[in-house]
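**Student:** Below is one structure. I have some questions about it.
The values are calculated or read from the model by the stated rules, or taken from the named source; none is laboratory data. Every value quoted in this text rests on a predicted model; they were computed, and no experiment measured them. Note that each Cβ is placed from the backbone with ideal geometry, even for glycine, and that neighbours are counted across all protein chains shown.
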Amino acid sequence: MPAKPSRQLFSGKFLKKKKKKVGPPIKRTNLESRSREYLTVDEVNLMIEAAKNIGRHGPRDALLILMTYRHALRVSEAIDLKWDQADLAQGKLHVNRLKNGEPSVHYLEGDEIRALRKLRRSYPESVFIFPSERQGPLSASAVYKIVARAGAEAELSLSVHPHMLRHGKGYQLASEGVDTRAIQAYMGHKNIQHTVLYTQLNSKRFKGFGKDVRL
């Protein structure tokens, strides 16, 4: 029995395949892209050393990373720091917290005071501690780039962003057993529930829990 002719008609041209519409890439959550959202003291020290040797603003960028970590600053708080907030003679820093946070006065360590004096001589025209090329404040995107670049140069095992410095300080204080209320005041948290997140991840709470078995 002869085969039935195909019902498909051809116009002399091959039929074109329809192109699949490709949507925007699915955004990965922070937990998917990073195993944790804070930096350790050793990692911060590596980033500071790396930043010192990147470009002509190395000293500024290294101090930015150090102070953002040490004083648990948000990006907006770091770029808004002005010289009238730093009392170098008394070794004090007036921290104006944003997001309805509580302002506080932090002590400046000797290495900070020396670096701040040197930085002020380098940028005498700016009222901002961390100035841009035009002597105004750094932009938030510039800070993100500075921190990410320092993390890459330090060859850290995870990609980093500025808020990981603030989180790192919170975890460091909690791991040293600092009172939760003191951490809350230091970080400028309005709600203590934000501070409790750091104490919940304090591994020292679980020290000795695994002594019941041996390898």
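**Student:** Which condition does TYR171 not pass, out of (1) at pLDDT 90 or above; (2) out of contact with any Phe, Trp or Tyr (no Cβ under 7 Å at 6 or more places or on another chain); (3) of a type in the set (Ser, Thr, Tyr); (4) assigned to a helix (DSSP H, G or I), if it passes all the others?
**Tutor:** It fails just one condition, (2).
**Student:** Quick check on my filter: what residues within segment 162-177 are buried (at least 16 other Cβ atoms within 10 Å of the Cβ) and either of a type outside the set (D, E, K, R) or touching an Asp or Glu at 6+ places or on another chain (Cβ under 8 Å) (or both)?
**Tutor:** If the condition is that a residue be buried (at least 16 other Cβ atoms within 10 Å of the Cβ) and either of a type outside the set (D, E, K, R) or touching an Asp or Glu at 6+ places or on another chain (Cβ under 8 Å) (or both), then PRO162, HIS163, MET164, LEU165, HIS167, GLY168, GLY170, TYR171, GLN172, LEU173, ALA174, SER175 are the ones that fit.
**Student:** SER141 passes all but one of (1) on the phi < 0 side of the Ramachandran plot; (2) among the small types (Gly, Ala, Ser); (3) buried (at least 18 other Cβ atoms within 10 Å of the Cβ); which number fails?
**Tutor:** (3)
**Student:** Additional query: With under 22 Å from the mean Cα position of the chain (by Cα) and either over 25 Å from GLU49 (Cβ atoms) or surrounded by 17 or more Cβ atoms within 10 Å (Cβ to Cβ) (or both) as the only criterion, which of PRO131, PRO124 stands out?
**Tutor:** PRO131
**Student:** Residue pairs, Cβ under 8 Å, 6 or more apart or interchain, first in segment 87-115 and on the phi < 0 side of the Ramachandran plot, second of a type in the set (Asp, Glu) and in a loop (DSSP other than H, G, I, E, B). List them.
**Tutor:** ASN96/ASP80; LEU98/ASP80
**Student:** Within segment 89-104, identify whether any single residue is loosely packed, with under 13 Cβ neighbours inside 10 Å, at pLDDT 95 or above and either within 19 Å of ARG166 (Cα to Cα) or of a type in the set (S, T, N, Q) (or both), and answer yes or no.
**Tutor:** For segment 89-104, residues loosely packed, with under 13 Cβ neighbours inside 10 Å, at pLDDT 95 or above and either within 19 Å of ARG166 (Cα to Cα) or of a type in the set (S, T, N, Q) (or both): present.
**Student:** I would also like to ask the following. Looking at segment 50-70 only, could you name the residues that are under 18 Å from ARG117 (Cα atoms) and in a loop (DSSP other than H, G, I, E, B)?
**Tutor:** Correct list: ARG56, HIS57.
**Student:** Next question, about the same structure. Checking the conditions here, which among ARG205, ARG149 is at pLDDT 90 or above and part of a helix (DSSP H, G or I)? Working first, answer last.
**Tutor:** Values: ARG205 fails: at pLDDT 90 or above.
The conditions single out ARG149.
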